[in-house]
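The structure appears right after this line, and notes come after that.
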Amino acid sequence: MVIKVFLATSSGSTAIKKKQQDVVGFLEALKVDYTQLDIACNEENRKWMRQNVPEEKKPSNGIPLPPQIFNEESYCGDYETFFDAKEDNSVYAFLGLAPPPGSKEALQADEEEHIMENGTHIEETTEEGTQDESIVPEVDRNGDVHGDQEDTEEGEGLEEEMEPEGNETTEGGEDEEPEDTGHAEEDEEQEEEELRQLEGEEEEEYLEETQEEEA
């Protein structure tokens, strides 16, 4: 697989020259095999480049400017897309090449794979945690039920303990009632006797007064 870079060696645009130098210099730094194809001195190169750049990648005037990059017949992109891949450490992916071992792009790919593996484990762990959490409420609910049953049993025990005391009080109350009734009857009898005594005394005084008057 050969990387093709279409350039204009005799371009009068400083911006285009700078972009071309940037692409070529970076490919040389990465030790990527590439071929320079001049469109300024070779009309066939110019036509082939313009025909093989996708329509959606062409500018509004329909004439793509160098540098344009291809991997054999496959279009890779222009300078802007190359620059974005350079910033993202994904130039090899941009060129359609496998990154060499030890390169930043290879290390980044390994990290992404590692993250994906860890993410899968995290998802599995999360699912297990969700299942465990679904079990916990059942245990809690069972615990609440047992707690309610225990409270009910304790309440019944307390009621049973309280009942004898209540019965004793009631029995005591029943025993005391006759005593109170007896005292009340005695008091009534005493009052009646006092009234009878008073009435007798009054009658005697009345008789004495009557006798005195008659005398």
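The values are calculated or read from the model by the stated rules, or taken from the named source; none is laboratory data. Quick caveat: nothing in here was measured; it's all calculated off a predicted structure. We place every Cβ from the backbone using ideal geometry, glycine too, and count neighbours over all the protein chains shown. Just so you know, the surface numbers come from the protein's heavy atoms only, side chains and all, with ligands and any DNA or RNA stripped out. Shrake-Rupley method; radii C 1.70, N 1.55, O 1.52, S 1.80 Å.
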Of the residues in segment 55-105, those that are β-branched (Val, Ile, Thr) and either open to solvent by 40 Å² or more (accessible area, probe 1.4 Å) or assigned to a helix (DSSP H, G or I) (or both) come to 63, 81, 91
Only one of 35, 9 is hydroxyl-bearing (Ser, Thr, Tyr) and either touching a Ser or Thr at 6+ places or on another chain (Cβ under 7 Å) or in a loop (DSSP other than H, G, I, E, B) (or both), namely 9
Going through segment 1-51 in order, the residues found to be of a type in the set (S, T, N, Q), open to solvent by less than 60 Å² (accessible area, probe 1.4 Å) and under 58 Å from the mean Cα position of the chain (by Cα) are 13, 20, 35
